[in-house]
1. Would you please list the contacts, defined by Cβ atoms under 6 Å and residues six or more apart or on different chains, that run from a residue in segment 1-26 that is within 15 Å of residue 57 (Cα to Cα) to a residue that is among the aliphatic types (A, V, I, L, M) and part of a helix (DSSP H, G or I)?
2. If I ask for residues that are in contact (Cβ under 8 Å) with a residue 40 or more places away in the chain and of a type in the set (Gly, Ala, Ser), which ones from segment 32-75 would you list?
3. Restricting attention to segment 1-19, which residues are surrounded by 13 or more Cβ atoms within 10 Å (Cβ to Cβ) and either in contact with a His (Cβ under 6 Å, 6 or more places away or on another chain) or in a loop (DSSP other than H, G, I, E, B) (or both)?
4. Would you call residue 69 in a loop (DSSP other than H, G, I, E, B), surrounded by 13 or more Cβ atoms within 10 Å (Cβ to Cβ) and modelled with pLDDT under 95?
5. Here are 56, 22, 47: which of them is under 13 Å from the mean Cα position of the chain (by Cα), loosely packed, with under 13 Cβ neighbours inside 10 Å and on the phi < 0 side of the Ramachandran plot?
Amino acid sequence: MAYQSLYRRYRPQRFGEIRGQRHVVSALQNAVVKGEVGHAYLFHGPRGTGKTTSARVLAKALNCENLGPEGEPCG
């Protein structure tokens, strides 16, 4: 088994797994569910606050063909 660093192995894969950013998660999740996603999002803040993780989960949700009932990404 190949070595994988802990921050990559345990990175959140769904909106519900992101902690400490409830206002950001709810805004992104509502945009996906309603189909009113903006043409661009700017993720800004200090290191370690979940910017990349939030962007990855949003990208997974937008590219998912069978979106969950609450906007959760598939697979």
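The values are calculated or read from the model by the stated rules, or taken from the named source; none is laboratory data. Since the model is a prediction, treat every value here as computed from it, not as a measurement. For neighbour counting, all protein chains shown are included, and Cβ atoms are generated from backbone atoms with ideal geometry for every residue, glycine included.
1. Note: pairs meeting the criteria are 15/25; 15/57; 18/25.
2. Of segment 32-75, the ones in contact (Cβ under 8 Å) with a residue 40 or more places away in the chain are 53, 56-57, 60-61, 70-73.
Listed by number, the residues that qualify are 61, 71.
3. Let us first name the residues in segment 1-19 that are surrounded by 13 or more Cβ atoms within 10 Å (Cβ to Cβ), namely 11-18.
11, 12, 13, 14, 18 - these are the residues of segment 1-19 that are surrounded by 13 or more Cβ atoms within 10 Å (Cβ to Cβ) and either in contact with a His (Cβ under 6 Å, 6 or more places away or on another chain) or in a loop (DSSP other than H, G, I, E, B) (or both).
4. Numbers: in a loop (DSSP other than H, G, I, E, B): yes; surrounded by 13 or more Cβ atoms within 10 Å (Cβ to Cβ): no; modelled with pLDDT under 95: yes.
No, not satisfied.
5. Numbers: 56 fails: loosely packed, with under 13 Cβ neighbours inside 10 Å; 47 fails: under 13 Å from the mean Cα position of the chain (by Cα).
One residue alone meets the criteria, 22.
For every residue, the table says whether it meets (1) among the polar types (S, T, N, Q); (2) touching a helix residue (DSSP H, G or I) at 6+ places or on another chain (Cβ under 7 Å).
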{"site": "5", "(1), (2)": "yes, no"}
{"site": "9", "(1), (2)": "no, no"}
{"site": "40", "(1), (2)": "no, no"}
{"site": "49", "(1), (2)": "yes, no"}
{"site": "58", "(1), (2)": "no, yes"}
{"site": "70", "(1), (2)": "no, yes"}
{"site": "75", "(1), (2)": "no, no"}
